[in-house]
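Data block below; observations after.
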Amino acid sequence: MELEVSYRYAKVAPRKARLVVDLVRGASVDDALNTLRLTRKRTSAMVTKLLKSAVATASERFDSEPEDLLVSKAWVDPGPMRKGWFARPRGMSARMRFRTCHIHLVVSSAPEEPEEQKPAKAERPAKAEKPAKTEKPAKAEKPAKAEKPAKAQKPATAEAKQP
């Protein structure tokens with residue numbers, strides 16, 4: 001059982017919201033609510049509201065207990081930006097960007113713990129061995145490059161000047 005809930009057009013920058021959402025990802029609902037209660041960020045109130053809504057919806061639709069729920073996925077997408085201007089010196093202006101985001105949480109039932117290990121499956125028959133790969137013929141060796149002829153040595157100067 002999975003339930004996805006969204007807080008759309010939240011008036012907070014996505015980068016700031018991701019800091020809070022990263023704290024609750026993978027935690028049980030009780031642990032996530034305790035973490036959010038102690039977090040001193042403005043976004044924590046938004047995520048708390050969203051998480052409580054998800055728990056209420058899950059208990060109504062699927063008759064699940066809040067203790068059995070887990071925040072399996074959580075992410076933040078950027079929303080539309082509202083743009084404005086503010087005054088700068090010498091009659092100029094600068095642009096302001098008011099960012100928004102969409103916060104998404106997926107709440108699912110906690111995975112059940114295995115009571116006992118199941119007996120091993122019957123052994124499978126050994127796989128047939130693949131035929132050996134045929135070797136490629138060896139490449140013919142390139143002939144060695146001919147060496148450059150040695151330069152004739154000039155006779156020594158002392159020998160050349162003898163009378």
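Derivation of every value follows stated rules applied to the coordinates shown; laboratory data play no part. This one's a predicted model, so the numbers in the text were calculated from it and none came from an experiment. Because the Cβ atoms are built from the backbone with ideal geometry, glycine has one as well, and the counts that use them run over all protein chains shown.
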Order of Met92, Met1 under a 10 Å beta carbon neighbour criterion, fewest first: Met92, Met1
Note down, for the range 2-109, the three equivalent ellipsoid semi-axes (square root of 5 times each alpha carbon gyration tensor eigenvalue), biggest first, whole angstrom. 34, 13, 9
Shape call for the range 67-108, from the Cα gyration tensor axes a ≥ b ≥ c (a/c under 1.5 means rounded, otherwise prolate when a/b beats b/c, else oblate), comes out prolate
First measure r as the distance between the Cβ atoms of Leu19 and Thr134, then evaluate 1/(1 + (r/R0)^6) with R0 = 41 Å and state the FRET efficiency to the nearest 0.05. 0.10
Within the range 6-49: backbone nitrogen closer than 14 Å to the Phe98 label point (7 Å, Cα to C-beta): 9-13
